[in-house]
Every structure is written in C-alpha cells, then in structure tokens.
C-alpha cells in the first residue's frame, strides 16, 4: 500500500489546529478513515475503467502470425457526494464563564463524530438508488459484482437454510474459519487490507481464532488494540449515529437463517483496487459571528466518493450466525 495517502498522513502534515482537530476526531471515530486512501481530483466526478476479463494468449508456429484479442473492460463514472454540516452555537453560550468545556469545541466534536458514523454507515450501506446524494457502499457493489458474474466475491457460509451458529461446536468453528480463508483468498493477491464486520461477528471470529492460536493483535495510532488474523486487521464497523443500530445488522437472512450477518474483505489502492476520491480536501472554516449578531458558525465541507477498478478488491462472506445455537 505504498501509494496510500490516508487521513493519518493528512493529520501528520496539517498545520491548522482547527482542521487537524477535525481530522483527528474522524480518525478516532472511524477505523475506516485510517485505511481509505484519498485521491484529489478537482472535479465532481471521475471516470474509471474496470476490467471484466483478460485477453487470450497462446503459442504460434514459425512464420505464423499471432491472433489478436483484447480484454473486456467497462467504463464507469463515480460521482462526488457532499459530506458536511454547519456547527452553530449561540453567542451567549460561548461567552458564558461557568461552563467546564468550550461549547463550540464540544459541538464541533459532536458534529464530526456524527459525520464519521455517517461515513461508516454509507461505506457499507450507501445506495444512490435510494438516496441520490450519497455514494455507493460495499453492499451494493458486491451485489453488483455477483450479478455481473463475479460469484467468487459473494460467498455463502452455510450453502442453504440454517439456524446453526458458528460457535456451536468444533466442526462449525472450523468451517467458519475455512470460509474466512476463502473470503481472504478471493481478494487479489489473497491479501485484503481489512476485514469489516459487526461486534457480534468479530467476537465470534476472535473466539475461533484464539482457540486455534491464530489471533494476533496490534495497536492503532491512539494506542487501542486492533485484532488481526495473520497480518490482516479485523474491525467492528460499529453503529449508526443513533448509537444503537448496527451498521451491519443481525437480520440479513441471505443464507436462510434469522440472525445472520456478514464479513467484508477490502483491498485498497488508488487507481488499482478500491479507493476514495475527493474534489478537494476537507475544509473546516470558522465563520465567526454571523450577521444575526447572536450566532457563531463553523462549516465542515468534504466532497468525496468511492471508486473501484479491480473487481477482486472487495468480497463478502454472508450467512454468519455468531452464536452457539444449534
């Protein structure tokens, strides 16, 4: 991932204290923001060429000519989505001398935290056919690949209807780990940069890996523990802004069970695999006191999107019931 320029890099280079505080809040609240590389395009959309299959090759006899062939490609347009918001605080609250924390800083933190949760949610569930202004997330992208014939990127854990939890016994645990290996193998180079799931699936996978001596850990830039399977970090994608609803719910019912969820594998790389793009870098502007004479305003503005070239950059393992149910 030598070509990656993530928010971590932007944070290290940022000199403006207000903008750096916003970037660091994003990084604290979204593990994805540490991983996604960003390309600045200076436009409202970008056109990518995604390959579908490779050209044929062969052997020839002396004095014979080669047969011409070409790979199948398709052109796709990815558009920018406007993520951001206004932070308005009453002047009286700002000037109050009996508050423990600075009110504008607190409200700014809450706004950025909400934006981070929104990004996490849309990274998985974004669907422009439902909400036109948002970017397309992993769920719709993997569904599209499956429809287009890339069935190896859409893996069923159970192969049919089941109510059997992955922690039921040693056999189901082994099957679960085997399928996670299949998910990893489906990614280009057999080396995804992250496995994304909800907390229930993460705890189940941790349990299986720990019992087999396969669980490893590292620490992120804030000193927090990150679980790994080999060298691959595993992340709980978390909850939506309401702080309770799982971004990846236990109600997918794709494999026939009633409490199912998934694991997504992702490989990042600008112009190579899966990446983020931005019209321009995140802007954080302190507008100061507005004309109404009673309001201080901060504007956070980030026009961004997601793009993919290599179909084997993303994959999904579904039908996971993260319990010991029979």
note = Of all DSSP beta bridges having both residues in the chain, the percent classed as antiparallel (nearest 5) is 80 percent
remark   = Among 251, 81, 191, the residue with the largest mean-square fluctuation in a Gaussian network model of the chain built from Cα contacts under 10 Å is 251
key: Listed residues 105, 43, 68, most fluctuating in the chain (Gaussian network, C-alpha, under 10 Å)   = 68
request  = Could you work out the relative contact order of region 140-279, using alpha carbon pairs under 8 angstrom and six or more residues apart, expressed as a whole percent?
outcome  = 25 percent
key: Answer label for mean projected area of the Cα convex hull in nm² (calculated), chosen among [x] 22.4; [y] 15.8; [z] 18.4   = [x]
key: Length-normalised contact order of the chain in % [C-alpha pairs under 8 Å, at least 6 apart]   = 26 percent
request  = Rank 35, 290, 306 by mean-square fluctuation in a GNM of the chain with C-alpha springs under 10 angstrom and give only the top-ranked residue.
outcome  = 290
query = With axes computed from alpha carbons, what is the tilt in degrees of helix 138-147 against the longest principal axis of the chain, rounded to the nearest 10 within 0 to 90?
reply = 30 degrees
Degrees between helix 170-185 axis and first principal axis of the chain (Cα, 0 to 90, nearest 10) = 80 degrees
On Cα atoms only, tilt of 17-29 relative to the major axis of the chain in degrees = 40 degrees
Inter-centroid distance (Cα atoms) of region 158-193 relative to region 18-88, Å = 28 Å
remark   = Computed, not fitted: 222 nm per-residue ellipticity of the chain from DSSP H runs ≥ 4 (each -39500 (n - 2.57)), nearest 500, equal to -8500 deg cm²/dmol
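Read-outs throughout are calculated quantities, based only on the coordinates presented, and are distinct from any laboratory measurement. Owing to the predicted nature of the structure, the values given are computational and were not obtained by experimental measurement.
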